[in-house]
Every structure is written in structure tokens, then in C-alpha cells.
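Worksheet: the structure to be examined is printed underneath.
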Amino acid sequence: MWTYGKVGCYFEHFKTPFDDIRKKKEMQSKLNEIEGVHISDDQLSKRPSVDLSVLNNVDNFKKFTSAYNWFLEEVKKYENNN
């Protein structure tokens, strides 16, 4: 979260299993379900950001936190299997 009103999505620093483009695209899809968010394919190797104002909407905030909860669960599954 930044003082200029954005939260960064650090795709470029994602580790296994999210270093795989398919997993990145799943995360992209979940985030793009949020009204006001558009992460393009060319941003999957970068650090796109989301305006905090988008997350003022309760439904958008739930989708955002749900996407990151899913992300964490996928990482836990990977770590438990390796």
C-alpha cells in the first residue's frame, strides 16, 4: 500500500507456484473481476496497482481479499506438497 492511494500487485516477484504464467493468469482473472480493476497480460511480469478508492466498495474489497486468500491457500498447498 502506497501513500499515493494505490496498492501494488507484485506479479514480477511472485514465487512458486505463481511463477508459472497459468497461475499468474488465474490471479489476474480474480483481480479483474473487481469493478475498476484491469490488469493486462503485459502487466503479469510487472507491478500493476489498484486504486484504494476501488476498495471502498464492500463487494470490491471482498473480491480483493478473496483473491489474496486464494493466493495464500495455493502457496500453502504447494509448500505442503514439496
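Just a few scattered comments:
- Theoretical ellipticity at 222 nm over the chain - DSSP helices of four or more residues, -39500 (n - 2.57) apiece, nearest 500: -15000 deg cm²/dmol
- Cβ-defined net charge surrounding residue 74, 14 Å radius [Lys, Arg +1; Asp, Glu -1]: +3
- Relative to the longest principal axis of the Cα atoms of the chain, the long axis of helix 58-81 makes an angle of roughly 10 degrees.
- Angle in degrees between helix 21-32 and the longest Cα principal axis of the chain, rounded to the nearest 10: 30 degrees
- By the count of neighbouring beta-carbon atoms within 10 Å, fewest first, 29, 49 end up ordered 29, 49.
- Net charge in the neighbourhood of residue 7 (other residues with Cβ under 14 Å of its Cβ; Lys, Arg +1, Asp, Glu -1) is +2.
Values quoted throughout were computed directly from the atomic coordinates according to the rules given, and no laboratory measurement underlies them. Values in this document were obtained by computation on a predicted structure and should not be read as measured data. As a convention, Cβ positions derive from the backbone with ideal geometry for all residues, glycine included, and neighbour counts pool all protein chains shown.
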